[in-house]
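All of the numbers you see were taken from the coordinates with simple rules; none came from a lab. Every value quoted in this text rests on a predicted model; they were computed, and no experiment measured them.
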Amino acid sequence: MAATTSSTQGWAQLRQQARSLETQTEMLLHTYAQFSNQTNIPPKPTEEERHTETRLQELLDKRDSVLSHLTRLLTSDPNPSALKQNNLSLLRDKLADHRRDLSRLRSTLESARTRANLLGSVRDDISAYRAANPEQAEADYMLDERGRLDRSHDVADSVLSQAYAVQDSFASQRERLAHINRRITLAASQVPGINTLITRISARKRRDGIIMGSFIAFCFLMFWFFS
């Protein structure tokens, strides 16, 4: 009974330690990932980068050792529970995921550093060439300016083309509306009584407008007279 209790306590402590190391690993992986996202990646790893990578490797090795202890405890248990087996499997899977993440981040950082060094070398070569050939540098500068002007003209032409297309679309829509209006007017003129009805409606609107205008004028005069 005492041995079982001691084994249970040892399992709980080791599992808690494994979870704590797992959390520390995730935090350091996040920190390590930031090195490849820098705007200007240094040509060689910084002290902080090397320390972070070393610390990550130490954490992974320590977690591997803790999981080995957990495996031995589980193997020596005459009645291992399914819950413990599942917990150990999850801890192993997480450790394998973190090892793959570290390997992937190393490759990403190495590729980013190689690309940055290559671009820096190309820039240095261009600068050295222009310094040794000032006339060619001036010609290259003029070509660059010409290229920028051409791109600006292309943008302006594109904007003007879009504006003309919109103008043509509006003109087409106006023409269609005018055609529809003419067809409605023609159809209305061919139906008996429609013209008379339209005339009466127009006359009523004019009459209502006159009445409303007169009423507003009267109210204004009254307000002006009594104020």
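Apply the Karplus parameterisation 6.51 cos²θ - 1.76 cosθ + 1.60, with θ equal to phi minus 60°, to every residue of region 36-52 and state each ³J(HN,Hα) to the nearest whole Hz, in sequence, with x for glycine and proline.
7, 9, 5, 5, 10, 7, x, x, 10, x, 7, 4, 5, 5, 5, 5, 5
Cross-link partners among lysines for LYS62, C-alpha distance below 24 Å, same-chain residues fewer than 8 apart left out?
Counting by Cα, and skipping residues close in sequence, LYS62 has these lysines nearby: LYS84, LYS94.
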